[in-house]
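Note sheet for the following structure.
Please treat every number below as a calculation from the coordinates, not as lab data. Only a predicted model underlies this, so the values are computations on that prediction, with no experimental measurement involved. A quick note on method: Cβ atoms are made from the backbone with ideal geometry, for glycine too, and the neighbour counts reach across all protein chains shown.
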Amino acid sequence: MHLMTFPTLPTLNELLNPQLQPESVRAQADASTDLLDPIHLFDMTWKPGGGGVKHLVLPQALTGVAAPIVVMTANHFPTGSHKVGPAFSCLREGLLSGELSVDGSTLVFPSTGNYGIGGAWVGPRVGFRSLVVLPEEMSAERFEMIRGFGAEIIATPGSESNVKEIYDKVAELRQIPHNRILNQFEDFGNYRFHHYVTGNSALDLAAELAQKGVGKGRIAAFVSAMGSAGTIAAADRIRQENSELKTVGLEPVQCPTLFNVGYGAHAIEGIGDKHVTWIHNVRAMDLLICIDDQQCLEGLRLLQAGSEYLQAELGLDADECDQLVGTFGVSGICNILGAIRTARYYNFGADQPVFTVATDGFDRYPSVLNRLDNQKGRLDGGGAGRTLGYFLDPSREMELEGSESVRRRWHNQKYFSWVEQLGKSLDELEALWEPQFWEEQGAGVERLDAAAIDRRETT
């Protein structure tokens, strides 16, 4: 097993700005082709290779809107998903606080997939055993990746939406003395990674695109489906630079937790976990849009297997189609459909880019599309045409603006999971309603990075 000593762990500022990493470290990371080498902890960045933020500006012919739809792509991260960053951030904060030490402890990562994969990779790279708890109905590729990175698995009953079963198992595991729980749904290390690294990366990308004639350097909206609600924290940072930013959250039609205090099961792996997470700043959310899971599955299939159709019907060239293949997972398509609907909802123009993310790539979904083919038959012209309509002529149903009363309802929904079941107090819950609380969480990165540098220099 590859191990890494704590003093050499990266700061979040070094992940935001890889050019600030020590030259010897950067050279070693660039030279290593071993994915399990701990040096790749320094590659948990939106800016691989010291360049700009990896992204795609989707062809307007595919989106049907004037506003540029900008997708920050994460399939280059060491695990193929940006969720490795929050897993590392939660682990790092535990080390800095003294709550964690490399002493034989096992790190437990509750997850519906990508965070667990991130924890499976991060833990052993730092010297811990990792145990991932996730639903048994997640994609086969997820289980293979977790085991391949050297972690153990406990599979809980159900699918994406069965987070209560995960929490029940974690409660059992918490009683074992050597287990340490790193819960992405409540750990603010998750929030801080996205507030600082993802949020500032988006701002950097907006400035870069403006120089190329895409927008004027101001992001009109940041759109993200909610799983842990970590990624959407990037919007809190962007809003500090643009008070007019629209923060838009997405959830599945089949599990309308915020939209309708609802429940259900759905097929968009990584989001819609049937509860409001502790780290979700719901008071900052301007709009909620529900996305149909079947549209996401069929949308992914169209971009994967429909290149000939897209070239013939939309006039996309081969290079544009090639860029779409392999780049997105199911939740990425959900985010794209949500970004298009956001642009339509607010009638954004050509100088008002809408930003979103592709959490992972296609590599963990072949089995999902195989299942879709078996259920509905392989993609043909009729199916491709119908699916294209999800992009070009989307539904306007199940959209809800975040008025003060609606936001308060979203906030109050946290009570049922966190106060009644998971031991939080009413005072702690009410603290989350105050904007100052979230400002303090975001500002904590500078202090934590300084502590990490101090530890590096004195050890």
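Structural remarks
- In terms of other Cβ atoms within 10 Å, 433, 438 run from fewest to most in the order 433, 438.
- For segment 321-401, convex hull of alpha carbons as volume per residue, Å³: 135
- Its convex hull of Cα atoms gives segment 24-76 a direction-averaged projected area, equal to a quarter of the hull surface, of 4.5 nm².
- Highest to lowest packing among 242-248, 366-372, scored as the average C-beta count within 10 Å: 242-248, 366-372
- Computed log₁₀ I(q)/I(0) - Debye formula, equal Cα scatterers, no solvent, segment 117-217, q 0.21 Å⁻¹: -1.12
- Sum of side-chain charges, residue 184 neighbourhood, beta-carbon under 11 Å (Lys, Arg +1; Asp, Glu -1): -2
- In the chain, taking the dipole from charged Cβ atoms about the Cα centre, the farthest positive-side position among 340, 361, 206 is held by 340.
- Relative to the globular-protein estimate of 2.2 N^0.38 Å, the Cα radius of gyration of segment 255-410 stands at 1.10.
- Toward the positive end of the charge dipole of segment 357-459, with +1 on the Cβ of Lys and Arg and -1 on the Cβ of Asp and Glu, the farthest Cα among 436, 375, 390 is that of 375.
- Global geometry of the chain, whether rounded, prolate or oblate, following the gyration tensor of its Cα atoms and the 1.5 cut on a/c: rounded
- Here the relative contact order of segment 81-168, from alpha carbon pairs under 8 Å that lie six or more residues apart, stands at 27 percent.
- When each of the peptides 29-37, 405-413, 59-67, 72-80 is scored by the mean number of other C-beta atoms lying within 10 Å of its residues, the order from highest to lowest reads 72-80, 59-67, 405-413, 29-37.
- Tensor-based shape of segment 185-315 (alpha-carbon gyration tensor, a/c under 1.5 rounded, otherwise prolate or oblate): oblate
- Computed on segment 182-254, with alpha-carbon pairs under 8 angstrom and 6+ residues apart, the relative contact order is 35 percent.
- Summing Cβ point charges (Lys, Arg +1; Asp, Glu -1) relative to the Cα centre of the chain gives a dipole of roughly 240 debye.
- Positive-pole candidate from 310, 189, 403, dipole of the chain, charges at beta carbon: 403
- With all projection directions averaged, the alpha carbon convex hull of segment 323-369 covers 3.8 nm².
- Whole-Å distance, taken between Cα centres, linking segment 93-154 and segment 164-240: 18
- Most simply put, the chain has about 20% antiparallel DSSP beta bridges, counting only bridges with both residues inside it.
- As a rough footprinting exposure proxy, the listed residues 164, 216 were ranked by other beta carbons within 10 Å of their own, and the order from fewest upward is 216, 164.
- Cα-only Debye scattering, segment 6-151: base-10 log of I(q)/I(0) at q = 0.09 Å⁻¹: -0.32
- Translational diffusion of segment 215-277, estimated by Stokes-Einstein from the Kirkwood radius over alpha carbon pairs at 20 °C in a medium of 1.002 mPa s, is 170 µm² per second.
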